[in-house]
1. What order do you get for 171, 81 when you list them from fewest to most C-beta neighbours inside 10 Å?
2. Would you work out the relative contact order for segment 86-133, in percent, from Cα pairs under 8 angstrom that are 6 or more residues apart?
3. Once you have the Cα-Cα distance between residue 254 and residue 51, take 0.36 nm times their residue separation minus that, and quote the gain in nm to one decimal.
4. Shape of segment 105-249 from its Cα gyration tensor (a ≥ b ≥ c, root eigenvalues): rounded if a/c is under 1.5, otherwise prolate when a/b > b/c, or oblate?
5. Highest GNM mean-square fluctuation, the chain, Cα pairs closer than 10 Å: which of 39, 58, 17?
6. What shape does the chain take by its C-alpha gyration tensor, where a ≥ b ≥ c are the square roots of the eigenvalues and a/c under 1.5 counts as rounded, a/b above b/c as prolate, and the rest as oblate?
7. What spacing in nm lies between the two simple spin-label points modelled at residue 109 and residue 160, each 7 Å away from Cα in the Cβ direction?
8. Using 0.36 nm per residue, how much length does the chain from residue 15 to residue 3 gain when fully extended, once their Cα-Cα distance is taken away?
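What follows draws every value from the coordinates through simple rules; no lab data is involved. Keep in mind that what you see is a predicted model, and the values were worked out from it rather than measured. Cβ sites come from the backbone with ideal geometry, for glycine too, and all protein chains shown count toward neighbours.
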Ligand code: PGA
């Protein structure tokens with residue numbers, strides 16, 4: 001079901017004590033705002049911090065634990081890797097897949113991402129599936145065809161039931177970690193396009209029900225404006241998720 005959602009992607013940052021301090025601070029700041037219309041919040045720390053951070057999340061609340069990646073196989077001789085089943089066993093409910101940093105630095109392609117999606121869903125995790133264009137693609141006026149292809153090749157092979165578990169994040173690569181944010185109009189335009197593609201691939205109800213997040217230098221100052229767009233259901237937050245006060249302001253920006 002479509003929901004208001006803010007996810008914090010901590011990436012490869014912090015030590016364990018720092019991670020515990022950050023989640024503690026977020027819990028005490030955001031805990032006060034347990035309003036009925038509070039958005040779903042997903043905290044995505046690095047693997048070794050998952051269990052500990054999960055223990056510190058406010059109980060019985062809108063807070064959930066997510067991972068930043070998973071391996072496509074359930075178990076086996078894959079030294080250094082972490083399976084979706086392992087993530088679920090430490091309390092994860094979400095997993096980010098297809099982030100541009102994984103696509104670019106770790107050569108994750110649509111075929112591999114397809115396998116990871118299946119593995120995540122089989123383990124009962126909700127994938128947060130990222131799409132987004134580079135600056136070159138945007139300047140060549142190919143944003144829509146590029147994202148359309150990412151959706152078709154990467155995501156729309158899922159069954160209706162599987163797709164219903166997926167959250168989509170639109171993250172223009174040129175806006176990630178650059179301090180350069182898409183304007184709310186640019187975000188809305190792409191989000192509306194994504195919703196249209198879902199309606200074509202599945203049906204109108206699926207399009208209405210899908211949560212679509214914006215990511216890319218979203219922060220405490222611009223979140224309200226971005227979240228006010230009709231097709232922007234929340235954010236996938238990087239840098240600003242590492243500052244408790246900023247992250248809490250973002251959570252309260254609906
Ligand atoms: P950013 O990262 O907010 O630091 O731009 C967003 C992301 O990569 O998820």
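1. Ranking 171, 81 by Cβ neighbours within 10 Å, fewest first, gives 81, 171.
2. With pairs under 8 Å counted, the relative contact order is 56 percent.
3. 70.2 nm
4. Rounded, since a/c falls under 1.5.
5. Residue with maximal mean-square fluctuation among 39, 58, 17: 17.
6. Rounded is the answer for the chain, as its axis ratio a/c remains below 1.5.
7. Calculated label separation equals 3.2 nm.
8. Taking residue 15 through residue 3 to full extension adds about 1.2 nm, to one decimal.
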